[in-house]
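**Student:** First, the structure itself, so that you have it in front of you.
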Amino acid sequence: MISVFRRFVNKVFRDLFNRKGELKIGLYGPPNGGKTTLANRISQDWLGEDVGSVSNMAHETRAIQQKEEIHVKRGKKELTFNLVDTPGIATKIDYEDFVKSGMKVQEAKKRAKEATKGVVDAIKWLDEMDVVIVVLDASIDPFSQVNITIIGNLQARNIPVLLVANKVDLKKASVKKVQAAFPQYEVVGISAKMGKHMDKFYESLFAVAG
């Protein structure tokens, strides 16, 4: 009962802050889906600066990163929010996977520890989010345990969601497969890296968060 009451109180405070334009939009998803690439694309579009660094190595983002007061305009519509880029959610983080990628053991263990903490922090921050953008790699089978876990957590919290099928520039990408996996949400296909279909993305974001 206490946790339910606390969640209710947090929502009331979030609603009050939202009236001042302090909407929080979080980027969530598995590692290497393109969350930080999308965060950088949004931030570059409207602030002219990046949020964080990207890498082909899993769990490059291991701590919460924020950009405040992003002001998006689409015709007569305006949306101001704080963008929160979260570490990739994973059901298992093993330092040996980093070793296989070329890291030294000590560095791999440190990265695995930081990545694990990042996952815990990301889940905690869900209670702070007003809207969540789930970023999935459209070239990978969406029916994974981690994706189902993420979506399940969001549904349980009744948080508005925009589902992004990223990397549509890749040959194996399939927006239809992502939509079929999670038909309860609107899915927009983009390439955050190439800036493809970002107009459609912003339109969808206004529909969910506006």
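Please treat every number below as a calculation from the coordinates, not as lab data. No experiment lies behind these values; they were computed from the predicted model shown. Don't worry about glycine lacking a Cβ; one is built from the backbone with ideal geometry, like all the others, and counts go over all protein chains shown.
**Student:** Tell me, what ³J(HN,Hα) does each residue in region 157-167 have, in order and in whole Hz, if you take phi through Karplus 6.51 cos²θ - 1.76 cosθ + 1.60 with θ = phi - 60° and put x for Gly and Pro?
**Tutor:** After applying 6.51 cos²θ - 1.76 cosθ + 1.60, I find 8, 6, 8, x, 10, 10, 9, 10, 8, 8, 6 Hz.
**Student:** On to the next question. Determine the gain in length on full extension of the stretch SER101-ASP199; use 0.36 nm per residue of separation and subtract their C-alpha separation, reporting nm with one decimal. Don't skip to the answer; put the middle values down first.
**Tutor:** Working: separation 98, 0.36 × 98 = 35.28 nm, distance 3.60 nm.
Working it through step by step, the gained length comes to 31.7 nm.
**Student:** Say each of GLN44 and ASP121 gets a label point 7 Å from the Cα, pointing the same way as Cα to Cβ; how far apart are those two points in nm?
**Tutor:** 2.4 nm
**Student:** Could you line up TYR185, TYR28 from fewest to most neighbouring Cβ atoms inside 10 Å?
**Tutor:** Details: TYR185 18, TYR28 28.
Final ranking by Cβ density, sparse to dense: TYR185, TYR28.
**Student:** Hey, can you grab everything whose amide H is under 5 Å from the amide H of GLY26? Only 5+ residues off in sequence or another chain; H modelled, so Pro and N-termini drop out.
**Tutor:** VAL84, ASP130, VAL131, VAL132, ILE133
**Student:** Quick one: what are the phi-derived ³J(HN,Hα) couplings along region 29-46, Karplus 6.51/-1.76/1.60 with θ = phi - 60°, whole Hz, x for glycine and proline?
**Tutor:** Computed from phi, the couplings for region 29-46 are x, x, x, 6, x, x, 4, 5, 4, 5, 4, 5, 4, 4, 5, 5, 4, 10 Hz.
**Student:** Shifting gears a bit: Sort LYS76, LYS104, LYS110 by Cβ crowding within 10 Å, fewest neighbours at the top.
**Tutor:** On the way: LYS76 5, LYS104 10, LYS110 15.
In increasing order of surrounding Cβ atoms, one gets LYS76, LYS104, LYS110.
**Student:** Hey, another quick one. Where does each of MET129, MET103, MET194 land when they are ranked from fewest to most other beta-carbon atoms within 10 angstrom?
**Tutor:** Values: MET129 22, MET103 18, MET194 13.
Fewest-to-most Cβ neighbours within 10 Å comes out as MET194, MET103, MET129.
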